[in-house]
Amino acid sequence: MTDDPTDRLLVGWDEARPDLQVGALQVTARLSRIGPHLARRQEEVFSRFGLNRGEVGALSALRIAGPPHQLSPTRLAKGLMLSSAGVTSRIDRLERRGFVRRLDDPNDRRGVIIELTDEGLAVVDAAVAANSASDRQLLERLEPTEIETLEGLLRKLLGGLELPD
């Protein structure tokens, strides 16, 4: 394999400070560099549907909630790791475009339930299918066994960073 920007950076650090032992950055620096590339690819795919990643996240949460595809704003906020104001803003945008609707909560006179509309279901299904195809294309350079190994290793790393549900 050829040197990449991470290799060049680490060679510089090895020469400047060999005592730091920056070898772990061979992995973590590459993971850090991959994140923005993936985000950009997703934004490009989702923009074809007039959506951004955050909006797809909200629509996806409703989609996978199963019929009738409804969640409270509180559950959405928790699942999306957003403030209540952040969820309200996102829901407002999606509601204006006809992808979700607010319903009175039958269990709480002051509450609302967010429901995915048929239009929202169709657009999130199409956007996620397109993103999945993009991801498969990205991973074509890896063998199936490499993908399986990488998935397991990333799961293990992430398990040390994220709290279990």
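The values are calculated or read from the model by the stated rules, or taken from the named source; none is laboratory data. Because the structure is a prediction, the values reported are computed rather than measured. Backbone-built Cβ (ideal geometry, glycine too); neighbour counts: all protein chains shown.
Residues of the range 14-60 that are more than 30 Å from MET81 (Cα to Cα), in contact with a helix residue (DSSP H, G or I) (Cβ under 7 Å, 6 or more places away or on another chain) and in contact (Cβ under 8 Å) with a residue 12 or more places away in the chain: VAL22 alone.
I'd like to check something: does the range 98-109 contain any residue that is assigned by TED's automatic domain parsing to the domain that holds ASP135, among the acidic types (Asp, Glu) and either part of a helix (DSSP H, G or I) or modelled with pLDDT of 95 or more (or both)? Checked the range 98-109: no residue is assigned by TED's automatic domain parsing to the domain that holds ASP135, among the acidic types (Asp, Glu) and either part of a helix (DSSP H, G or I) or modelled with pLDDT of 95 or more (or both). Among the residues of the range 124-138, those identified as within 17 Å of the chain's Cα centre (by Cα) and not charged (D, E, K, R) are VAL124, ALA126, ALA127, VAL128, ALA129, ALA130, ASN131, SER132, ALA133, SER134, LEU138. Take the residues in the range 3-52 that are of a type in the set (Asp, Glu) and part of a loop (DSSP other than H, G, I, E, B), then tell me which one is modelled with the lowest pLDDT. Step by step, filter the range 3-52, then rank; the result is ASP3.
Residues of the range 113-129 that are closer than 12 Å to HIS69 by Cα and out of contact with any Lys or Arg (no Cβ under 9 Å at 6 or more places or on another chain): ASP118 alone.
Name the residue that is surrounded by the most Cβ atoms within 10 Å (Cβ to Cβ), counting only residues in the range 128-149 that are over 23 Å from GLU44 (Cβ atoms) and of a type outside the set (Asp, Glu). The selected residue is THR149.
Set side by side, the residues GLU55, GLU115 differ, and just one is in contact with a His (Cβ under 7 Å, 6 or more places away or on another chain), surrounded by 12 or more Cβ atoms within 10 Å (Cβ to Cβ) and either among the acidic types (Asp, Glu) or in the same structural domain as GLY35 (by TED's automatic domain parsing) (or both), which is GLU115. The residues of the range 59-71 that are touching a Gly at 6+ places or on another chain (Cβ under 9 Å) and either part of a helix (DSSP H, G or I) or polar (S, T, N, Q) (or both), listed by number, are LEU59, ALA61, LEU62, ARG63. Looking at LEU82, LEU71, just one residue is surrounded by 16 or more Cβ atoms within 10 Å (Cβ to Cβ), over 28 Å from GLY160 (Cβ atoms) and in the same structural domain as ALA126 (by TED's automatic domain parsing), and that residue is LEU71. On the basis of being of a type in the set (Val, Ile, Thr), surrounded by 14 or more Cβ atoms within 10 Å (Cβ to Cβ) and over 21 Å from the mean Cα position of the chain (by Cα), does VAL87 make the cut? Answer is no for this residue. In the range 3-20 there is at least one residue that is more than 17 Å from LEU154 (Cβ to Cβ) and in contact with a Gly (Cβ under 9 Å, 6 or more places away or on another chain).
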